Amino acid sequence: MASEFEPVIAILLTTFFIIYLFYIIFIVLTILALIFWIFMLIDVIKRKFKNKNDKIIWVLIIVLTGIIGALIYYFIIKKKHKKKNNKKKIKIK
């Protein structure tokens, strides 16, 4: 004999599963963003800039703005530096 609450229970379980899945995805993305932020901060600290103030400014930007600052640093400095290194490797060969 089917209970009148079975559809309600199925909907609740499905809703719980969807919320739990979004929660897990959110946690994983947060951990990945934190790892990316740490890598960008380490890169700024290790990188040699032409001006010493540039390093201080980039550290402050990354620390104070979080993942947004890390993304800005990645696209402005890190990616440009990768392109220069790739061009140097091509010229050497």
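None of the figures in this text is laboratory data; all of them are computed from the coordinates on show. Being a predicted model, the structure only gives us computed values, none of them experimental. Don't worry about glycine lacking a Cβ; one is built from the backbone with ideal geometry, like all the others, and counts go over all protein chains shown.
Of the chymotrypsin sites (Phe, Trp or Tyr not before Pro) in segment 5-74, the ones in a loop by DSSP (not H, G, I, E or B) with at most 12 other beta carbons within 10 Å are Phe5. Label positions at Asn53 and Leu21, each projected 7 Å from the Cα along the C-beta direction, are separated by 5.2 nm.
Our summary gives segment 6-92 a relative contact order of 22 percent, counting only alpha carbon pairs under 8 angstrom and 6 or more residues apart. For segment 1-86, applying the loop criterion from DSSP together with a ceiling of 16 other beta carbons within 10 Å to the trypsin sites (Lys or Arg not before Pro) yields Arg47, Lys48, Lys50.
Based on the convex hull around the alpha carbon atoms, segment 6-92 presents an average projected area of 8.6 nm².
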